[in-house]
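Step one of this worksheet: look at the structure below.
The values are calculated or read from the model by the stated rules, or taken from the named source; none is laboratory data. In this text the structure is predicted, and so the values were computed from the model without any measurement. Don't worry about glycine lacking a Cβ; one is built from the backbone with ideal geometry, like all the others, and counts go over all protein chains shown. Ligands, DNA and RNA are stripped out before the accessible areas are found, and what is left, the full protein with its side chains, is counted by its heavy atoms. Shrake-Rupley method; radii C 1.70, N 1.55, O 1.52, S 1.80 Å.
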Amino acid sequence: MTVHDTTVKPAGAIAPLTNVSLFAELVERVMDRHRSLPAIGAFYGPSGFGKTFAATYGAHKRRAYYVEVGESWTKAKFCKALLTELGVPPRGTIGDMVEVIIRHLMETARPLIIDEADHIVKRGYVETLREIHDKSGAPILLIGEELLPHKLQVWERFHNRVLDWVPAQPCDLRDVGLLARVYAPGVAIAEDLAMLLLTKSEARARRVAVNLDRVREFAMLEGRDAVDAAAWGDRALFTGAAPARRVS
């Protein structure tokens with residue numbers, strides 16, 4: 001049995017992976033909520049699970065504003081980056097910028113996706129984000145690591161405003177088939193090899209993609225249009241482990 005999605009999609013299209021669908025459903029739920037309910041959704045999980053990939057799809061589908069927070073960002077830098085994404089020249093004090101952000105989000109009624117939200121918690125300007133949410137009413141989607149819900153518990157007033165918490169899921173065989181269309185096009189991946197990829201990649205989408213590219217290269221060099229575990233043999237797969245120390 002091969003793991004290969006035969007649905008025809010445009011070149012470069014984002015495959016509907018499990019986490020893409022989960023995040024899209026979260027966006028819909030937050031946007032379609034009753035107006036008296038909070039408008040914050042959180043999508044969280046380990047690194048490499050494809051959360052940013054899912055956010056990119058969600059941002060495109062719903063014309064959402066998208067900001068990826070940097071580890072070194074201060075509150076002022078965050079406000080400036082958000083204003084730039086909103087298409088507004090950043091100027092004035094932090095208070096001035098926050099007021100402009102609120103007004104613009106109210107006028108456009110478009111959702112805001114904030115990736116790497118853990119940095120906002122670490123830097124301590126969660127309350128600024130709460131103010132933006134409370135005064136604009138805009139749907140806000142947070143994306144962060146596995147411990148994001150736990151970290152936000154410290155900020156009780158913000159934590160209570162989260163409408164839904166959705167954990168990102170590890171890859172499954174279906175996801176491997178969909179990723180194969182992007183990273184190993186034209187190559188039929190046997191189920192036993194797909195299972196090997198999942199195991200070696202710890203079911204992380206990013207690592208699965210890297211390994212599928214290795215399979216693609218192998219198939220091209222060997223002139224194959226199908227690859228199973230026996231054909232792959234004991235060739236190396238990317239696991240994320242650090243290379244062994246070289247002995248001089």
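Here is how the numbers come out for the structure above:
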| read-out | value |
| --- | --- |
| Full-stretch length increase - Phe238, Asp172 - with 0.36 nm per residue and alpha-carbon distance subtracted | 22.0 nm |
| Ordering of 141-147, 34-40 by burial proxy (mean other Cβ atoms within 10 Å per residue, highest first) | 141-147, 34-40 |
| Above-threshold pairs, the threshold being 26 Å between Cα atoms, out of Lys122/Lys200; Lys77/Lys135; Lys51/Lys151; Lys61/Lys200; Lys61/Lys151 | Lys122/Lys200; Lys61/Lys200; Lys61/Lys151 |
| Angle in degrees between helix 51-62 and the longest Cα principal axis of the chain, rounded to the nearest 10 | 60 degrees |
| Table column - 3J(HN,Hα) (Hz), the range 19-26, Karplus curve with 6.51, -1.76, 1.60, x for Gly and Pro | 6, 4, 5, 4, 5, 4, 5, 5 |
| Fraction of antiparallel bridges per DSSP, the chain only, in percent to nearest 5 | 10 percent |
| Net charge of Cβ neighbours under 15 Å - reference Phe43; Lys, Arg +1; Asp, Glu -1 | -4 |
| Tail beyond 22 Å, pair distance distribution of the range 140-226 (Cα, percent) | 43 percent |
| Residue-normalised accessible area of the chain, given per residue in Å² at a 1.4 Å probe | 52 Å² |
| Protection proxy ranking, peptides 207-213, 181-187, average beta carbon neighbours within 10 Å, highest first | 207-213, 181-187 |
| Percent accessible area from carbon and sulfur atoms, the chain, protein chains only, probe 1.4 Å | 53 percent |
| In range of the label at Ser72: residues from the range 99-143 whose backbone nitrogen is under 20 Å from the point 7 Å along Cα→Cβ | 115-125 |
| 5 angstrom amide H check on Glu68, placed H, neighbours 5+ away | Asp115 |
